[in-house]
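Engineer: Handing you a structure now.
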Amino acid sequence: MAIIFDESRHLFMIGTENTSYIMAITAGKYLGHIYYGRKVNKPAGEAILRVKELAFVDRDFIGEKGSFGDGYPFEFGSAGIGDFRESCIEIMNENGQIGAEFIYRSHRIFDGKPGLKGLPATFANENDAQTLEITLMGEVLGIDLILSYSVFEGSDAIARHVRVVNNGGSTVYLNKINSACIELNNKDYEMLTMYGSWARERAISRTPIGYGRHSTFTTRGISSHQSHPFYAVLGKDTGEDSGEIYGMHFVYSGNFEGVVERTQHDELRMTMGINSYNFRWKMEPGEEFIAPEVITVYSCEGIGKMTRTLHDLYRTHLIRSKYLHKKRPILLNNWEATYFDFNMDKLLDIARCAKEQGIEMLVMDDGWFGKRNSDNCSLGDWKVNTEKLPEGIEGLVKRVNEIGLEFGIWFEPEMVSPDSDLYRAHPDYAIAIPGREAAQVRSQYVLDITRDEVRDYVYESVANILRSANIRYVKWDMNRPMTDVGSILYKGDTAGEFYHRYVLALYDLQERLTSEFPDLLLENCTSGGGRFDPGMLYYSPQIWASDDTDAIERLTIQRGTAMLYPLSSIGAHVSDCPNHIVGRSTSFETRGYVALAGTFGYELDVTRIPEDDRKMIPAQVAMYHKYNDLVREGDYYRIANICDTNEFDAWMVTSKDKKEALVTYIQVRGAANIRSRIITLKGLDPDAVYVLENSGEGDAPCKEFYGDELMNIGFVTDKIWGDGSGRLYHFTAK
Ligand code: GLA
């Protein structure tokens, strides 16, 4: 890890463990991007920019500015001045005219990494990180642009963000602001994005990059089920273990857009930032705007290496919760067990039976407040329904604690149902455009939490319940996208601030909650709201990965999620069969193996599932306790993908010291007359001898293998019978 400024050659060289990121100051003015990729020690410098080759430019280096702007690889391209590629910043003056030219003014390099006010971001102490800040200035309007780059000890990630400061004398409007840009020479690259839908999140797509602009984005106000604030540019042949990949991951939970543009000169410009749809930020003199953080990562050892870089970064420098390195309590959530149909007695029956099986926490999901017996009312009325819970939350929690379980609760704090006391008293609290009835989704509106009084109401509603009883866990849900975006606070020339102000307000709420209740285990939620993103992970160590709990569907959902996020953050539960969403039946064992690759818990009525399944729970609980340290802290490797094999899926986790590995193998579809499958393992010590624990059946002796044998020749899996069956293989080095 080192950041160097080579004064004689005007070069900034940012070094991570295995990569270099290089910029140059051209003609004492312009900041250009030279290189990002595998580590280099002594780059030649500016010559690579081939500035003199640009049409009409050769006369005196910069020559005609128009032509220069059209081809120079700006580190942070500005709209309106001759750079026609995807811009990073678009500034409008008071007369509605767009254009600002940014030239180099100064820089500083320092130890550590500053936080981003009001925003989630990676953090590090002085010894673990170094930061470069480059200040560019827009002379005419008096705008300073501070580009920030931080590197971390032992990591190949770079954390970047941008600060815009209005040091001029007039009001300006920020119409667009990206947080990071990368310029590459195209090598027939592809674009990797994530797509999906409700209960089908984070599937992976790869497409060739033709000329023009290609984007992944959302305008739903939330990071969303449909797309993901991440994309990568990668080689056609890049696979799990070899090939180049450049990833950009946005630490943000609202509207975003990631763009790759293939230009006239066959270069690629990659950008990532807040979506400029309905975005316009008014900046009075003296004001600043912070564009959220983007994590960039490069790997020349395939997608797998990128994955492990991000996992380590997030486990070390993003997730703050005290639960991060701890086993989470095994919880049973009553959503799929009862939906809205429960009362205290039913919950206590479930709690007693759960306790007998070794489950550690009961989470009461939706339906405990107002008169909410279905999803069409009462959001906003966070008062206990005493018909269902006659002793109130306090009484219920006391009884659950007496049984020996901890207690957790569900909220959807940002919402209001039209049929609620809150809405009847304060219809103006909901986001809406005056004169038009706002669209409902799941019979609800979004509260305008950008307003202090609304945000305080929301906060106090949640906090009062938490203050009233021994509640150890909260699931924070959010079940609709934003439409009809209108606020009584942000309108006229600040209307375009609303979406981002909303996200800042959400972060403020989560910051307040985690500060007042530092011992609370907070779980944010995907299938409400799709906000599985690094922004939310800053506040909660785990996020419910999908409402689809079917073990086979989860292979794809969790695989996509784990491409970016550590397994310790992926909310995963064993649920009942036939699965409530897809109707599939899978063995109870397999459901356990799949949930083990996440936080692990239950989402079923333990009093009503088949006796044979229930009897398996104590062994699953023991399995979780045995392996969770490894799963939570280890290195994750994808071995086989059901989407490619069509028949089976496999992954493994290896401990950092390579002394232990756990392989999960799932036969999704049985087939006739096939041989057992050989899978090659990864991440082991080639010279170590690994002992495979016997399955516990019969007196079969433990088997021994060399690491290089397992990684090159492979490992013969059991020949298993039936669809959706699985095996765990546990190896320990001798
Ligand atoms: C969302 C969540 C579910 C559940 C329901 C309750 O869909 O993802 O887990 O909490 O809301 O309404």
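Engineer: Set the Förster radius R0 to 60 Å, insert the Cβ-Cβ distance between Ser242 and Asp428 as r into 1/(1 + (r/R0)^6), and round the FRET efficiency to 0.05.
Structural biologist: For R0 = 60 Å, the calculated efficiency reads 0.55.
Engineer: Restricting to the chain, what percent of DSSP beta bridges are antiparallel, rounded to 5?
Structural biologist: 85
Engineer: So, one more: Let's test the formula: R0 of 45 Å, r as the Cβ-Cβ distance of Lys398 and Val582. What FRET efficiency results, to the nearest 0.05?
Structural biologist: 0.75
Engineer: For a 30 Å ceiling on Cα separation, which of these pairs sit above it: Lys282/Lys305; Lys39/Lys682; Lys355/Lys475; Lys42/Lys305; Lys383/Lys626; Lys113/Lys682?
Structural biologist: Pairs exceeding 30 Å: Lys282/Lys305; Lys383/Lys626; Lys113/Lys682.
Engineer: Two decimals, Cα atoms only, Kirkwood Rh: what is Rg/Rh over region 207-313?
Structural biologist: Taking Rg over the Kirkwood Rh, I get 1.02.
Engineer: Suppose the chain between Met1 and Glu94 were pulled fully straight at 0.36 nm per residue; how much longer would it get relative to their current alpha carbon spacing?
Structural biologist: Roughly 29.2 nm would be gained on extension.
Engineer: Given 37 °C and 0.692 mPa s, compute D for the chain with the Stokes-Einstein relation, Rh being the Kirkwood radius over Cα pairs; round to the nearest whole µm²/s.
Structural biologist: For the chosen part, D equals 121 µm²/s.
Engineer: Angle, helix 551-562 long axis vs. longest principal axis of the chain, Cα atoms, 0 to 90°, nearest 10?
Structural biologist: Around 30 degrees separate the two axes.
Engineer: Just to be sure I follow: if Rg is taken over the C-alpha atoms of region 21-157 and Rh is the Kirkwood radius over the same atoms, what is Rg/Rh?
Structural biologist: On the Cα set of region 21-157, Rg over Rh gives 1.00.
Engineer: Mean projection of the alpha-carbon convex hull of region 639-716 over all orientations, in nm²? Don't skip to the end; give the middle numbers.
Structural biologist: Values: hull surface 24.0 nm².
Dividing the Cα hull surface by four gives the mean projection, 6.0 nm².
Engineer: Quick one: angle between helix 452-468 and the longest Cα principal axis of the chain, in degrees between 0 and 90, rounded to 10, please.
Structural biologist: Rounded to the nearest ten degrees, it is 30.
Engineer: Additional query: Give the average over all directions of the projected area of the C-alpha convex hull of region 157-231, one decimal, in nm². Mind showing how you got there, number by number?
Structural biologist: Working: hull surface 31.3 nm².
Projected over every direction and averaged, the Cα hull of region 157-231 covers 7.8 nm².
Engineer: 7 Å from Cα along Cα→Cβ at both Asn185 and Glu126: what's the point-to-point distance in nm?
Structural biologist: Label at Asn185, label at Glu126, 4.2 nm between them.
Engineer: Now a separate question. Work out how much length Ala203 to Lys626 would gain on full extension: take 0.36 nm times their residue separation and subtract the Cα-Cα distance, in nm to one decimal.
Structural biologist: 149.3 nm is the gain from fully extending Ala203 to Lys626.
Engineer: More than 27 Å apart: what percent of Cα pairs in region 525-669 qualify?
Structural biologist: On the way: 1862 of 10440 pairs.
When every Cα pair of region 525-669 is considered, 18 percent fall beyond 27 Å.
Engineer: For the residue pair Val140 and Lys39, what label-to-label distance in nm results when each label sits 7 Å from Cα along the Cα-to-beta-carbon direction?
Structural biologist: Each label point lies 7 Å from its Cα, and together they span 4.5 nm.
Engineer: I want to verify the translational diffusion coefficient of region 463-557 in µm²/s; compute it with Stokes-Einstein, Rh as the Kirkwood radius over Cα pairs, at 37 °C and 0.692 mPa s.
Structural biologist: Taking Rh from Cα pairs, D becomes 215 µm²/s.
Engineer: Something else about it: So what does log10 I(q)/I(0) come out to for region 377-490 at q = 0.13, 0.16, 0.21 Å⁻¹, using the Debye formula with one equal point on every Cα and no solvent?
Structural biologist: Normalising to I(0) and taking log10 leaves -0.55, -0.77, -1.14.
Engineer: Report Rg (one decimal) and Dmax (nearest whole number) for region 339-383, counting Cα atoms only, units Å.
Structural biologist: For region 339-383, the Cα-based Rg and Dmax read 12.5, 35 Å.
Engineer: Taking Cα centroids, how far is region 318-369 from region 491-525 in Å?
Structural biologist: So the separation of the two Cα centres works out to 25 Å.
Engineer: Follow-up. Pull up the DSSP beta bridges for region 155-258 and report the antiparallel fraction as a percent, rounded to 5.
Structural biologist: In region 155-258, DSSP labels about 100 percent of beta bridges as antiparallel.
Engineer: Please compute one quarter of the surface area of the Cα convex hull for region 577-626 and express it in square nanometres.
Structural biologist: Mean shadow area of the hull around the Cα atoms is 3.5 nm².
Engineer: Further, regarding this structure: Separation of region 81-106 and region 253-302 by C-alpha centroid, Å?
Structural biologist: Result: 15 Å between the Cα centres.
Engineer: Taking every alpha carbon pair in region 280-386, what does the distance histogram look like in 10 angstrom bins from 0, in percent?
Structural biologist: 11, 22, 18, 24, 19, 5, 0
Engineer: Measure off, as a whole percent, the carbon and sulfur share of the 1.4 Å-probe accessible area of the chain, all protein chains present.
Structural biologist: 48
Engineer: So how far apart, in nm, are the two label points at Glu53 and Asp519 if each is 7 Å from Cα heading toward Cβ?
Structural biologist: 6.5
Engineer: Can you tell me the 0 to 90 degree angle between the C-alpha axis of helix 302-317 and the longest principal axis of the chain, rounded to 10?
Structural biologist: That works out to roughly 80 degrees.
Engineer: Now, a different point. On alpha-carbon atoms, Rg over Rh for region 114-190 using Kirkwood Rh? The partial results should precede the final answer.
Structural biologist: Values: Rg = 15.6 Å, Rh = 14.9 Å.
We get a ratio of 1.05 for region 114-190.
Engineer: With every protein chain kept in place and ligands, DNA and RNA left out, what is the accessible area per residue of the chain? Probe 1.4 Å, answer in Å².
Structural biologist: 37
Engineer: Need the full-extension length gain, Tyr706 to Glu511, defined as separation in residues times 0.36 nm minus the C-alpha distance. One decimal, nm.
Structural biologist: Values: separation 195, 0.36 × 195 = 70.20 nm, distance 4.85 nm.
Net length gain for the segment: 65.4 nm.
Engineer: Give the Cα extents of region 579-733 along the principal axes, in whole Å, largest first.
Structural biologist: Computed over region 579-733, the largest-to-smallest principal extents equal 49, 37, 32 Å.
Engineer: Next question. Mind jotting down the three principal axis lengths of region 89-154 based on Cα atoms? Whole angstrom, largest first.
Structural biologist: Principal-axis extents of region 89-154 (Cα, largest first): 47, 25, 16 Å.
Engineer: If you average the C-alpha positions of region 147-206 and of region 590-637 separately, how far apart do those two centres end up, in angstrom?
Structural biologist: 36
Engineer: Can you give the FRET efficiency for Val691 and Ser67, using 1/(1 + (r/R0)^6), R0 = 56 Å, r = Cβ-Cβ distance, to the nearest 0.05?
Structural biologist: Efficiency, from the Cβ-Cβ distance: 0.25.
Engineer: Over all distinct Cα pairs, what is the inverse of the mean 1/r for region 198-247, reported as the Kirkwood hydrodynamic radius in Å?
Structural biologist: 12.8
The values are calculated or read from the model by the stated rules, or taken from the named source; none is laboratory data. Everything numeric here is computed off the predicted structure, so don't read it as measured data. Here Cβ is always computed from backbone atoms with ideal geometry, including for glycine, and neighbour counts include all displayed protein chains. Note: areas computed on protein heavy atoms with side chains; ligands, DNA, RNA excluded. Shrake-Rupley method; radii C 1.70, N 1.55, O 1.52, S 1.80 Å.
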